[in-house]
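The values are calculated or read from the model by the stated rules, or taken from the named source; none is laboratory data. Treat the numbers as computed from the prediction; the structure is a model and nothing was measured. Reconstructed Cβ throughout: ideal geometry from the backbone, glycine too, with neighbour counts over all protein chains shown. For the accessible areas, the whole protein counts, side chains as well, though only heavy atoms, and no ligand, DNA or RNA atoms are used. Shrake-Rupley method; radii C 1.70, N 1.55, O 1.52, S 1.80 Å.
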Amino acid sequence: MENSIEKIKQEALKKLDEASSDIESIKALSVQYVGRKGFVTQFLRNISKLPKEQRPLAGKEANQVKQFLENAFSQAIARIEMEKNSLSDSIDVSLPGRPVRLGTLHPITQITRQICDIFTNLGFEIAEGPEVETDYYNFEALNVPKDHPARDMQDTFYISENIVLRTQTSPIQIRVMEKYPPPVRIIAPGKVYRCDSDLTHTPMFNQVEGLLVDKDVSFGDLKGILTTFVHEIFDEETSLRFRPSFFPFTEPSAEVDILCVMCRGKGCRVCGHTGWLEILGAGMVHPAVFENVKYDIKQYTGFAFGMGIERIAMLKFGVDDIRKYFENDLRFLRQF
Ligand code: PHE
């Protein structure tokens, strides 16, 4: 009895050896020996016919052989498959190389650069300032009174009583004017922060500030520069209108609308059926601001403007949810 299980085992191993690298034959051998009706299984079933005292030992040995053969078959198959794979993994120098996916600039970076290019071509220089600002630069020097709603905790992120995350790029105006005498002509892009979050507002967004100070600067110059800008960033057919408005640091102040880029003035969902879209705030620099930076208000005048970059990008690319720009979903970003 013991001999015969050992014989089955040796026979199986010999056949496994003969099957060499043929997976199908090995699978067939596995069925033949350790399958449900295989030799070893049958042997195990017949143990009940043995005299009682022989059964435990025979059973133990037969089970060991079954286990051994099962392992031998599955290891042989695994080894062959591994060899096959490593063969197909080896380098085929005749194949073309895998293309490396190039990244692209984030759409907001693209628009920021376009805006800055337009203004640098008009003679503006790029300026920067800190995102963590003092109350003085963000509000006080810009003639924003202590009780102005923008100073509320609900609208502004306070780091401490006198330190804020800048809510606008306008403090850069002050920093530049403190440092350089007139004439100045700067364009200043950067991140700004406000406690706000919905379809069209995120707590962080980007603005571009513009400032031009010189002798005899008029509101007409402001209109000319902004018209040139809008025609370049959108197209020549995009007309502008200036609506009287209020900012503490400009007087007079205006909000600038462009003809709706979606419906061209007919009225649609994007422009709230008005035919116009607000894109920026602007005005002539308030004399109080000039006094804060010790510019001679008798000699100099100037204009300033500020716009949200995401807003321009949304209109240019037809994106209706500002948050898409910050979700880092590559399926969205690869489209630009
Ligand atoms: N800082 C203003 C804002 O964030 C925009 C602005 C800039 C208005 C410069 C006038 C002049 O709304």
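Could we say that Gly123 is loosely packed, with under 13 Cβ neighbours inside 10 Å and touching a residue at least 12 places away in the same chain (Cβ under 8 Å) here? Can you show your working first?
On the way: loosely packed, with under 13 Cβ neighbours inside 10 Å: yes; touching a residue at least 12 places away in the same chain (Cβ under 8 Å): yes.
Judged against the criteria, Gly123 is a match.
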Requested in this report: Hand me the list of helices (runs of 4 or more DSSP H) wholly inside the range 251-333 holding 2 or more residues that are at pLDDT 95 or above and within 31 Å of the chain's Cα centre (by Cα).
Outcome: 309-317
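Is at least one residue of the range 155-169 under 30 Å from Lys324 (Cβ atoms), open to solvent by 80 Å² or more (accessible area, probe 1.4 Å) and within 31 Å of the chain's Cα centre (by Cα)? Spell out the reasoning first.
First, pick out the residues of the range 155-169 that are under 30 Å from Lys324 (Cβ atoms): 155-159, 164-169.
Applying the additional criterion that residues be open to solvent by 80 Å² or more (accessible area, probe 1.4 Å) yields 159.
Pick out the ones that are also within 31 Å of the chain's Cα centre (by Cα) and you get 159.
Yes, the range 155-169 contains a residue that is under 30 Å from Lys324 (Cβ atoms), open to solvent by 80 Å² or more (accessible area, probe 1.4 Å) and within 31 Å of the chain's Cα centre (by Cα).
If I filter the range 134-167 down to residues being of a type in the set (Gly, Ala, Ser) and out of contact with any helix residue (DSSP H, G or I) (no Cβ under 6 Å at 6 or more places or on another chain), which single residue comes out as farthest from the ligand (Cβ to nearest atom)?
Out of the qualifying residues, it is Ser160.
Only residues that are closer than 21 Å to Gln114 by Cβ and either in contact with a helix residue (DSSP H, G or I) (Cβ under 9 Å, 6 or more places away or on another chain) or not assigned by TED's automatic domain parsing to the domain that holds Lys191 (or both): list them for the range 311-325, please. Step through it out loud before you land on a result.
At the first step, the residues of the range 311-325 found to be closer than 21 Å to Gln114 by Cβ are 311-320, 322, 324-325.
Once the filter is applied, which keeps residues that are closer than 21 Å to Gln114 by Cβ and either in contact with a helix residue (DSSP H, G or I) (Cβ under 9 Å, 6 or more places away or on another chain) or not assigned by TED's automatic domain parsing to the domain that holds Lys191 (or both), the range 311-325 yields Arg311, Ile312, Ala313, Met314, Lys316, Phe317, Val319, Asp320, Ile322, Lys324, Tyr325.
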Report task. Go through the range 297-310 and give me each residue that's in contact with a helix residue (DSSP H, G or I) (Cβ under 8 Å, 6 or more places away or on another chain) and open to solvent by 10 Å² or more (accessible area, probe 1.4 Å). Result -> Ile297, Tyr300
**Report entry** Yes/no for Arg101 being in contact with a Phe, Trp or Tyr (Cβ under 8 Å, 6 or more places away or on another chain) and of a type in the set (Lys, Arg)
**Finding:** no
Query raised in the report: Tally time: how many residues in the range 206-250 are touching a residue at least 12 places away in the same chain (Cβ under 8 Å), more than 14 Å from Phe305 (Cβ to Cβ) and within 13 Å of the ligand (Cβ to nearest atom)?
Result: 2
Report summary line: Val285 passes all but one of the listed conditions (1) in contact with a Ser or Thr (Cβ under 9 Å, 6 or more places away or on another chain); (2) farther than 23 Å from Tyr137 by Cβ; the exception is number (2)
Report task. Please specify each residue of the range 1-14 satisfying the condition of being loosely packed, with under 15 Cβ neighbours inside 10 Å and of a type in the set (D, E, K, R). Result -> Glu2, Glu6, Lys7, Glu11, Lys14
**Report entry** Criterion (open to solvent by 10 Å² or more (accessible area, probe 1.4 Å) and farther than 21 Å from Arg311 by Cβ) met by exactly one of Pro189, Pro203, Pro181
**Finding:** Pro181
Requested in this report: Go through (1) open to solvent by less than 30 Å² (accessible area, probe 1.4 Å); (2) touching an Asp or Glu at 6+ places or on another chain (Cβ under 9 Å); (3) farther than 23 Å from Gly190 by Cβ and name the single condition Phe332 misses.
Outcome: (2)
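For Ile118, indicate whether it is at pLDDT 90 or above, open to solvent by less than 100 Å² (accessible area, probe 1.4 Å), among the hydrophobic types (A, V, I, L, M, F, W, C) and not assigned by TED's automatic domain parsing to the domain that holds Ile172. Full working, then the answer.
Working: at pLDDT 90 or above: yes; open to solvent by less than 100 Å² (accessible area, probe 1.4 Å): yes; among the hydrophobic types (A, V, I, L, M, F, W, C): yes; not assigned by TED's automatic domain parsing to the domain that holds Ile172: no.
Against the criterion (at pLDDT 90 or above, open to solvent by less than 100 Å² (accessible area, probe 1.4 Å), among the hydrophobic types (A, V, I, L, M, F, W, C) and not assigned by TED's automatic domain parsing to the domain that holds Ile172), Ile118 does not qualify.
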Query raised in the report: Does the range 258-276 contain at least one residue that is within 14 Å of the ligand (Cβ to nearest atom) and open to solvent by less than 20 Å² (accessible area, probe 1.4 Å)?
Result: no
**Report entry** From the options Glu255, Glu236, residue that is of a type outside the set (A, V, I, L, M, F, W, C), open to solvent by 70 Å² or more (accessible area, probe 1.4 Å) and in the same structural domain as Tyr193 (by TED's automatic domain parsing)
**Finding:** Glu236
Report task. Taking Val285 as meeting all but one of (1) surrounded by 14 or more Cβ atoms within 10 Å (Cβ to Cβ); (2) away from the ligand (no atom under 16 Å from the Cβ); (3) on the phi < 0 side of the Ramachandran plot, write down the number of the exception. Result -> (2)
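Determine, yes or no, whether Lys223 is closer than 14 Å to Ala282 by Cβ, open to solvent by 40 Å² or more (accessible area, probe 1.4 Å) and either outside any strand (DSSP E or B) or in the same structural domain as Glu251 (by TED's automatic domain parsing) (or both).
Spelling it out, Lys223 is indeed closer than 14 Å to Ala282 by Cβ, open to solvent by 40 Å² or more (accessible area, probe 1.4 Å) and either outside any strand (DSSP E or B) or in the same structural domain as Glu251 (by TED's automatic domain parsing) (or both).
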Report task. Could you list, in sequence order, all residues of the range 15-60 that are closer than 13 Å to Ala76 by Cβ, open to solvent by 50 Å² or more (accessible area, probe 1.4 Å) and assigned to a helix (DSSP H, G or I)? Result -> Lys15, Asp17, Glu18, Glu24, Lys27, Ala28
